[in-house]
Each structure stands twice: as structure tokens, then as C-alpha cells.
Amino acid sequence: MTSASIASVTLQVGCKPSSTTSTSEPEKSNSTKASKIPLRVWLVGEIAQPETVIRQWNAVSEQPVEFRTLQANELFEGEKCAADLLLYPARLLGELVRRKWIVKLPSALDYSRKPTSSGQDVEAEIAPPPAAMLAAAKYNSTQYGLPLGYSLLSVLASSASKTDSTTWKELRQSLTAVTRGTIEIDDSKVDAEALVDRYLTIAFGISEVNSKYGVLFDLKTMKPRLTAQEFLEAGEILQGLACQPNAPESVIGSHSVAWSWINRAEQTAFAIASPSQLNGEVLSLEGAHKVVIDGGKTWNSGAGVIASMATQCQQSAQTINFARWLSEHTTLDSLRGQVPGMVSSGTRGVSLAERLMASDSSLLQRADISNEPRFSAAYKLRASLAKQLVLFLKGQSCDQSLSIAANEWSKIVDEQGTASFKSDYEHSLGLQV
């Protein structure tokens, strides 16, 4: 699986990072002037070209910014989050709230806030994003951050395919007709998050359970539902996708890898990828087309980026200004392809990826869209599931793989305490206030 990495980029050469002081609430500051102390911005994920952010931010502000990139396991192995602003996939929200590492969205960034006379940098009213994006940044009905993106996955067909619409059942039947053989898996090519994204997109799409009350766990017993029929069927479809000629990396690899493969495939083929999680190198690729899944449910994976003020924030006014800049449509459009999961809800364009993102944005307005639950320990559960999905694709039975993952999930629930986990799960679903 892809190894975690840490990288720091200082947006103003010669500035030293501020010292870390533990506080329960961000420092209150009325100053919006640039300080000499860099803002500490932590990004859970990757950024393609930090110099692009450097150039664009320096064009509008003299405030230095220091970026640090890290993976979820690195973040949570630490005892604190010594950042001013934290950028992270929405799926991590519950864990961050549980650890009290972030605070609720400052009023200056509230979408419902009316213009004031407190200063040009903070007075403009922010245009609210689609409801589903806004909900992804909430926990227990409290807004904890600015949603900077979303991630809907599409079923894509190659140019050789005449399929424009189908059902999950029909897709499963067509894929099970593919000759089965040994699937060669290179562990170094596995993108665990993308693999789980694909699998859960299928399972959520098939499931007849009301997603309002959760698909991953039985809300009454808090037992994992991984051995339910929709998860078994999702495994069959995932395996069928991997058994296509030269296809394994399009299933286990990143969204960019899958996108590149399906757009270049000459034979009839299918893949699942998120256009909002592509890197700039493949954004303009054309060739494939979207397959509409009739009767399938729309699922917003937890990969959309959220911006939250950290509890240990030491420069609140400057942090608010930077967060506001990041949330602007023009900024998000200009940074497209830089940070996977960061995309404007107003994306427009002529490329296949841009057309799909524009279509996805309209879907986010629908009331029946499902957001991936943002409960604590989600990163542990996904890592456990990814490991078993890889073993399944290597030849382990689907029943065995899902049973092992379900048992590991149960242990994680027991470690936190069933009552505590249930409350957390309900909060992430918006069922408790």
C-alpha cells in the first residue's frame, strides 16, 4: 500500500514556524494584517505543486503560510494537532471532534452570516455550497468546517463499449461472465482509500437499507453489516472489474490510475473513479463515458476536503482569511487537480472530468444523497477493510474476507465502548442533537 509521507513547504522563505502552545480555544484576534509568523496549515492528503499555491496566495496576501502534508495514521499517532488550519477528508471529522482537535466553524465563516462592517477581509457573505456538501462538514448538527470539495464516484465505460445505462445487477452479470483467473496484485500499487471508495460506492448503491440510519452498522445492535448481501454482491462486482484484461491496477490503484486506464482502454471495459480526485496529469484525458446506474443510490464518499480551525490555532483572524480564500470558487477552480477531493461546487468546463464534476454538483442538491458517515475511528475501519479486500482479490473467499473485517470492526467498537460508538455513529448520521 502507498506509504505515508510528510512534507513541509513554507510560503515565505526565511520565516520560522510559530511555537506550539496548547490552548482549548483559538486565540481571539481582531487583527487581519499579515503577521511575520507563518500560518500552520496541515493537509491530510497530498498536494501536487505547492509552488502553485505559493504563487496564487502571495498575489493576494503577504501572510506567510507553512504547509505540512501527512496521512491519517500519521496525524492520529500524534498526541496533538499543532496547526492553525487543518485540511482533511470529511471522513475524519468524527475522530477530530472526539479528540477535540478542531473547533466549530467561526461565525466569520458561517454561510448564514450577513455582511458586517468589521473589515473587508471578513465582511463578504459566503455563497453556501450544495446541502450534501454542507452536511459533510457537520457533526451532531454542528458545523465544524468549510467544505472545499466532494467526491462522487462514476461507473465509466471505455469508448468500445455501447453501454450508456445499466443496473448493478446487470453489471454484475456481465462482469461475472469474464473469464476468471489469478489476479496479480502489486501491493506497492494499492491505494487503500480509492479501493474502499469503489467498494463502498457499489455496496451503498445496491443496498436497500435506508442510508439515513446507516448502512455499515446495524443501528440497534451496532454489529457491522459487512456480511450482508449487498456487501457480498459488491465483492463480486469488484472482483469482476479486476478480472478484466490488464485491469487490476484500475481497481486497486488511485482514482487517477483508474481514470487513465479506462480512457485509454481499446477493448470493452468498465471502471469506477472519482473525477474530483484526479491529479492534473490526467484531468484532460478523454475517451470513456459515464454509465448511468438505473435505480442506484448516489453516495458522496468521505474524500471531499474540509477546512477546520484547529483548537491550537494561534492566529485566528489570519487563519479565517486564508480559509475564506481557499473556499472561493475562483481559488478552487485554479487549484483543480492540485489536491484530490478539493473542487468547487460550481465547476464548469468541456473536458470529460469537468462535465462529470458539473453533473455531480447538481446531484449534490438532491435530498436523497447519502454522505459517508464521519464517525470516529473511520480511518481504522477503512484500513482494515482495505486489507481484506486486497486479500480477497488475491484469492481469499469473499465470505472469509468480509467476516474477518467484520470481526476486526467489532473489536474496534468494543475498544471504544458500544454505547459511545453508537452515539458517535448517530451523531455522524445527524440523528442526534
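The values are calculated or read from the model by the stated rules, or taken from the named source; none is laboratory data. Worth saying up front: this structure is predicted, and the values here are computed from it rather than measured. Cβ atoms come from the backbone with ideal geometry, glycine included; neighbour counts cover every protein chain shown.
Observations
- Residue match in region 293-303 (condition: of a type in the set (Phe, Trp, Tyr) and out of contact with any helix residue (DSSP H, G or I) (no Cβ under 7 Å at 6 or more places or on another chain)): no
- Meets criteria (touching a strand residue (DSSP E or B) at 6+ places or on another chain (Cβ under 6 Å), surrounded by fewer than 22 Cβ atoms within 10 Å (Cβ to Cβ) and within 29 Å of Ala135 (Cβ to Cβ)) for Ala406: yes
- Filter result (in contact with a strand residue (DSSP E or B) (Cβ under 7 Å, 6 or more places away or on another chain), modelled with pLDDT of 95 or more and farther than 27 Å from Asp186 by Cβ) within region 409-433: Ser410
- For region 219-255, taking the residues that are without any contact (Cβ under 8 Å) to a residue 40 or more places away in the chain and part of a helix (DSSP H, G or I), the one that is nearest to Ser154 (Cα to Cα) is identified as Ser250.
- Identity of the residue in region 208-253, touching a strand residue (DSSP E or B) at 6+ places or on another chain (Cβ under 9 Å) and polar (S, T, N, Q), that ends up modelled with the highest pLDDT: Ser250
- When the test is whether a residue is under 22 Å from Met342 (Cα atoms) and outside the structural domain of Gly253 (by TED's automatic domain parsing), Ala378 does not pass it.
- Unmet criterion (only one of (1) of a type outside the set (D, E, K, R); (2) without any contact (Cβ under 8 Å) to a residue 40 or more places away in the chain; (3) under 24 Å from Asn210 (Cβ atoms); (4) not in a helix (DSSP H, G or I)) for Ser420: (4)
- For region 82-97, a tally of residues being among the β-branched types (Val, Ile, Thr) and either in a strand (DSSP E or B) or crowded, with 24+ Cβ neighbours inside 10 Å (or both) returns 0.
- Residue list for region 290-348, filter: over 30 Å from Ala258 (Cα atoms) and either modelled with pLDDT under 90 or surrounded by fewer than 19 Cβ atoms within 10 Å (Cβ to Cβ) (or both): Arg324, Trp325
- For region 347-404, the set of residues classified as part of a helix (DSSP H, G or I) and among the hydroxyl-bearing types (Ser, Thr, Tyr) consists of Ser359, Ser361, Ser362, Tyr379, Ser384, Ser401, Ser403, listed by residue number.
- Some residue of region 58-68 being among the β-branched types (Val, Ile, Thr), in contact (Cβ under 8 Å) with a residue 24 or more places away in the chain and crowded, with 23+ Cβ neighbours inside 10 Å: yes
- Any chance Thr167 is at pLDDT 95 or above and under 19 Å from Ser384 (Cα atoms): no
- For region 34-55, filtering for residues that are within 24 Å of the chain's Cα centre (by Cα) and over 30 Å from Lys380 (Cα atoms) leaves 4.
- Residue satisfying condition, being farther than 17 Å from Leu238 by Cα, surrounded by 13 or more Cβ atoms within 10 Å (Cβ to Cβ) and touching a residue at least 40 places away in the same chain (Cβ under 8 Å), within set Ala160, Ala136, Ala192: Ala136
- Whichever residue in region 54-71 is over 25 Å from Trp101 (Cα atoms) and not charged (D, E, K, R) and, among such residues, is modelled with the lowest pLDDT: Ile54
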